[in-house]
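**Q** Could you have a look at this structure, given as structure tokens, before my questions?
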Amino acid sequence: MNSSRFPGLSRRGFLFAGILGGGVALTEGFRLAQSEVGETLDVESLTPDTIGDWRRMAGPEMIVPQDSEPSRFYEEELARAYGGAGLPLVMLAIAYASRQDERLEVHRPEVCYSAQGFELTAARSIDVPLAANLAVPAVTLIARRHDRSEQIVYWTRIGKLFPRTPTEQKFAALRSSLALQIPDGMVVRISTLGTAEKDVLTMVDFARLLLASSPAPLRHALAG
């Protein structure tokens, strides 16, 4: 741009004006992104009571973040047990936030189990096949305490991404911020009592049936 057309405005002034204009554009874009955040998801009512041959039932006390105000971290939380004839007891925990930030980290087993005295071992990455041509990156691990052991499978979704580690989760949130997006987020945890390796396959099967049994809004939240 030729500054001679604008008397009194130096090259430095043009540069400053350009930076200011870019900042205004970014701010406006972020405001528009904020306005597109959807309403919260009613996880409790959308999660089916029957999942394959499993039925909702009373179960042991579940391991969830210890906080006097859980709504401070999540908009929606669910903790249920499912059982069936000849089937192992399966525990399902879901945490959902329509605006993802660092708060969902407290629902990761690495955080909430460790905070309650569990030792976590045998962590490894797996892919959970929820449907044909649809597998989500997940983690399986074992949690042990003097009075209880659990085999765990869980995954975290941030928008369209499935970070396996806290570092990947922060990177996913950063990518969304740079793209002027405010994604929703969900942590899904499935667990069984004991440490039998075969229960991992049981939980993977339960996850597949959970998706198939769920209404469309919950299916989208589970699998992106």
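**Q** Give segment 179-215 a look and list any residue that's in a loop (DSSP other than H, G, I, E, B) and either β-branched (Val, Ile, Thr) or closer than 21 Å to GLU61 by Cα (or both), or say none.
**A** ILE182, GLY194, THR195, ALA196
**Q** Okay, next question. Within segment 174-181, does at least one residue satisfy the condition of being basic (Lys, Arg), modelled with pLDDT under 95 and either surrounded by 14 or more Cβ atoms within 10 Å (Cβ to Cβ) or not assigned by TED's automatic domain parsing to the domain that holds ALA131 (or both)?
**A** yes
**Q** Starting from residues that are modelled with pLDDT of 95 or more and of a type outside the set (Gly, Ala, Ser), keep the ones in segment 72-86 and report whichever is surrounded by the fewest Cβ atoms within 10 Å (Cβ to Cβ).
**A** ARG80
**Q** Determine, yes or no, whether ALA131 is aliphatic (A, V, I, L, M), in contact with a Phe, Trp or Tyr (Cβ under 8 Å, 6 or more places away or on another chain) and either within 25 Å of TRP54 (Cβ to Cβ) or not assigned by TED's automatic domain parsing to the domain that holds GLY52 (or both).
**A** no
**Q** Look through ALA135, ALA179, ALA216 and report the one residue that is among the small types (Gly, Ala, Ser), free of Cβ contacts under 8 Å to residues at least 24 places away in the same chain and closer than 18 Å to LEU78 by Cβ.
**A** The conditions single out ALA216.
The values are calculated or read from the model by the stated rules, or taken from the named source; none is laboratory data. Values in this document were obtained by computation on a predicted structure and should not be read as measured data. Using ideal geometry, Cβ is built from the backbone for each residue, glycine included, and neighbour counts are taken over all protein chains shown.
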